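Here is the structure we will look at, set down as structure tokens.
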Amino acid sequence: MSQSTDHQAHPGCIWTHSEDILLERAILMFPEETPDRWHKITTQIPRKSIIDVLEHYIKLMQDTNAIDLGDMDQYIPSIWDLEGVGEEEESDSKERKRGTPWTEEEHLLFLQGLLKYGKGDWKNICQHYVTTRTPTQVASHAQKYFQRQKLDNKEKKRKRTSIHDITIKDIPSPHFHIL
């Protein structure tokens, strides 16, 4: 079972994937303007205190901000040699399921959402533009897109063509919509 946090301060502080999903749903159910929002969110997650929920939410926001800034080095220490890690386990278990590649249509919708909502508002881009993807998938796609944009032309030519080469400048007009 995966654990999303390593806090040990409270008995209910270890978060399962299912509890993360309950938190995401509760956050969507109770928008920021909801009176007693965090109390209501906490009632949706069994065995978690309001402190557990708030601490976990703050940690998730810090992680999201790091993704937005492309600052993932803090999560993967350079001393790790990841080659060969987990190979023994994978041979016994099911093969890792790979994500579905983004279509050009989804990428263009992502770019339109980026124009309207800006960098970091992955939830709205997901809800109003790329409805086939989760906010986490949109954030991951954005991270790859912005990393690709930082490359100069020489570096891009050495790499194979990518959907991330399609930029906002390639959208025909500000009124372009794929529906």
(message) Given (1) under 25 Å from Arg25 (Cα atoms); (2) modelled with pLDDT under 90, identify the lone condition not met by Asp121.
(response) (2)
(message) Anything in the stretch 14-68 that is surrounded by fewer than 14 Cβ atoms within 10 Å (Cβ to Cβ) and within 30 Å of Lys150 (Cβ to Cβ)? List them, or say none.
(response) Ile58, Met61, Gln62, Asn65
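The values are calculated or read from the model by the stated rules, or taken from the named source; none is laboratory data. The structure presented is a predicted model; accordingly, all values stated were derived computationally and were not measured. No Cβ is skipped: glycine too gets one built from the backbone with ideal geometry, and neighbour counts run over all protein chains shown.
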